[in-house]
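This report concerns only the one structure given below.
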Amino acid sequence: MDAQEIKTLLNKYDNGMTTPAEERLLETTLTGNEGEVAEELAPDAAYFEALHRLQMPDERVGQEFVTRLSRHVDQWNAVEKSSGSRARRMSLRVVGMVAASLLLLFSLGIYLNNRQGQPAMMVEQRDTFNNPEDAAAAAGKALAKFSSALNKGLDKVNNVNQKY
């Protein structure tokens, strides 16, 4: 087989258009001893050999990969187990805090509802004045003070309304 036919087959191989028989032909032609491959095909032979090695991985490399992968999986499992127990402890802690808070609020509610003492409405009402005339005079004085304060406020509101 001449160099031009091999280059044509390599182009077909790169495009994925070769048959299994043509691939075997390329393999036997290009992966032989270095002395058997033509000088102009040496770069193509190196390229094809590298591709061929990628398709057929070394048994030792595969075994080393499996060993490293299983070691990493074991480490990831250990990390996951430790973080899982940490998360479980954290959730138990949160549940405990919520339960304690609810118990405190419930106890406070019961205490405030059942405490002994007189309600505010049952406090004995006393008169502040013994004489009704004194009471009327004090009430009039309080109403006059309230009226003057109300008039002062209304005057200020009217002033603001007149400005605008």
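The values are calculated or read from the model by the stated rules, or taken from the named source; none is laboratory data. Worth saying up front: this structure is predicted, and the values here are computed from it rather than measured. Note that we place each Cβ from the backbone using ideal geometry, even for glycine, and neighbour counts take in every protein chain shown.
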Of the numbered conditions (1) at pLDDT 85 or above; (2) under 30 Å from E23 (Cβ atoms), E64 satisfies every one except a single condition; which is it?
-> (1)
Give me a count of the residues in the range 2-32 that are assigned to a helix (DSSP H, G or I) and either at positive phi or β-branched (V, I, T) (or both).
-> 4
Spot the failing condition for S82; the list is (1) surrounded by fewer than 10 Cβ atoms within 10 Å (Cβ to Cβ); (2) of a type in the set (S, T, Y); (3) modelled with pLDDT under 80, and only one is missed.
-> (1)
